[in-house]
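The block underneath contains the structure these notes are about, expressed in structure tokens.
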Amino acid sequence: MQALLQAAAVAPALLPASIPSPDWSGFDIPLPWGSLRIHAYALCILAGIVVGLWLTSVRWAKRGAPEGSVWDIVIWAIPFGIIGGRLYHVVSSPDAYFGPGFDGTGDLSLIPQIQRGGLGIWGAVVLGAVGAWIGCRRSGVKLSAFVDAAAPGLLLAQAIGRWGNYFNQELFGGPTTLPWGLQIDPNNPNFPAGMPADTLFHPTFLYESLWNLAGVLILLALDRRFHFRRSRLFWLYAMYYTLGRVWIEAMRIDDAEQISILGITTRLNVWTSIFVFLAALIAFILLGLKGRPDPDTVYLPGHQPEKPAEAVTDSGASHEVRDTDRSVSDSDSRGNLPDNHSGSRHASDPTEDAAAAPEGPEPGTDATAAGHSGSTATGPASEAGTVK
């Protein structure tokens with residue numbers, strides 16, 4: 001017991017009093033003409049995409065989607081999403097690119113340098129959805145079905161990608177004395193001017209990452225219980241994410257575009273989150289009034305895979321049958337033609353068959369039986385016994 005008390009007394013001293021600032025932000029790959037810098041921020045984004053795609057592909061396959069279609073969709077969605085995310089960031093934080101008040105003192109060459117950080121989620125979602133729509137149309141599947149399958153994976157990708165802000169030492173919150181406060185290198189250009197070098201900050205990247213991971217579990221559990229369709233799970237994702245983004249965004253102290261509405265001035269991302277939450281709530285309710293789609297399929301109309309017609313033969317095997325009625329009718333007609341040589345009717349005359357022939361299979365199956373006995377049928381009548 002004494003040993004446990006001593007260990008409990010020593011444990012707080014062993015735990016870090018803060019989250020240390022990263023001493024690594026990437027690595028260089030030597031090349032004949034110089035070197036290629038691989039940024040940790042980019043690696044976090046890439047890792048998030050890979051893990052999110054894995055979860056999406058598993059869920060998409062369970063919905064009965066065509067094999068490989070997820071890659072045909074994301075090859076459009078990912079580039080569109082990256083471009084949209086960058087454009088939204090530039091609009092929401094324009095000072096570095098256009099100068100304060102758009103006075104022209106900014107550096108426009110920074111806009112394509114996404115390795116420095118700066119991807120706005122809502123721009124990524126909007127343009128990414130446009131790319132996904134193109135991919136879905138080309139694959140013959142519904143966008144609403146795909147975004148339902150992708151919603152948990154998208155939130156998982158955001159949870160992992162958000163760690164890129166940690167390695168870039170950016171987008172942190174205000175000062176704090178909490179034991180999980182984040183250290184920022186005083187020499188980093190993102191360190192707020194005028195603050196003591198030992199100031200700790202709220203790790204908003206960590207808050208959002210944990211919020212998103214919890215959201216993945218919640219979305220999966222709700223979808224397993226209610227089996228959402230018509231993009232309702234996607235709108236549920238939007239509501240959940242924006243609910244957390246409002247309070248997390250309000251904690252941040254980095255430069256951002258300020259918008260005033262109804263006398264309230266706050267960051268553009270806060271207003272965007274509020275409006276997206278309301279729009280998602282309305283969409284979720286209205287789509288719920290329509291009920292489940294009938295039929296419940298991921299395919300667009302006219303793109304469902306064709307199922308061959310089947311028939312059971314004498315042997316009990318199931319085979320595809322094509323134009324059976326036409327070939328049977330032709331066989332019966334030929335069998336009832338008069339014999340030109342004798343002037344009498346064919347031996348399969350119905351009056352004689354009714355009197356002499358035992359009851360047997362329906363017309364049209366004789367050719368199949370002949371095929372089993374080794375005889376060869378010619379002409380259109382042979383189609384009745386052919387498996388195609």
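Laboratory data are not the source of any read-out in this text; all were calculated from the coordinates shown. All figures in this text were calculated on a predicted structure; none of them were measured in a lab. Positions of Cβ are backbone-derived with ideal geometry, glycine not excepted, and every protein chain shown enters the neighbour counts.
For the peptides 94-101, 211-218, the ranking by mean Cβ contacts within 10 Å, running from highest to lowest, is 211-218, 94-101. As a length-normalised measure over Cα pairs under 8 Å and 6 or more apart, the relative contact order of segment 17-289 settles at 21 percent.
Kindly list the residues of segment 272-307 that lie in the label zone of Leu262, defined by a backbone N under 19 Å from the point 7 Å along the Cα-to-C-beta vector. Answer for this model: 272-283.
Summarising the amide proton neighbourhood of Ile19: residues at separation of 5 or more, or on other chains, whose placed amide H is nearer than 5 Å comprise Gly181, Leu182, Gln183. Spin-label pair Glu306-Ala214: with each label point 7 Å from Cα along the Cα-Cβ axis, the two points sit 5.3 nm from one another. Amide H to amide H distances under 5 Å link Gly26 with Ala40, where only residues 5 or more positions off or on other chains count and H is placed in the peptide plane. Each residue in Val125, Val91 was given a count of other beta-carbon atoms within 10 angstrom of its own, and listing them fewest first yields Val91, Val125.
For segment 17-289, the C-alpha radius of gyration sits at 1.05 times the compact-globule guess of 2.2 N^0.38 Å, with N the residue count. Multiplying the residue separation of Ile274 and Leu222 by 0.36 nm and subtracting their alpha-carbon distance yields 16.4 nm. Placing +1 on the Cβ of every Lys and Arg and -1 on the Cβ of every Asp and Glu, with nothing else charged, gives segment 17-289 a dipole about its Cα centre of roughly 1480 debye.
Going from the fewest other Cβ atoms within 10 Å to the most, the residues Arg225, Arg232, Arg137, Arg267 appear in the order Arg225, Arg137, Arg267, Arg232. Quick check: from the Cα gyration tensor, does segment 160-280 come out rounded (a/c under 1.5), prolate or oblate? Here segment 160-280 falls in the oblate category.
With a simple spin-label model that places each label point 7 Å from the Cα along the Cα-to-Cβ direction, the separation between Val91 and Val51 comes to 3.0 nm. Taken along the Cα-to-beta-carbon direction at a fixed 7 Å, the label points for Leu110 and Ala61 span 4.4 nm.
Cβ crowding within 10 Å ranks Lys142, Lys290 as Lys290, Lys142, fewest other Cβ atoms first.
Distant-in-sequence amide contacts of His303, defined by a placed amide H-H separation under 5 Å and a gap of 5 or more residues or a different chain, comprise nothing. Couplings for segment 62-74, taken from phi via the Karplus curve 6.51 cos²θ - 1.76 cosθ + 1.60 with θ = phi - 60°, read 5, 7, x, 6, x, 4, x, 5, 4, 6, 5, 8, 6 Hz in order; Gly and Pro are left as x.
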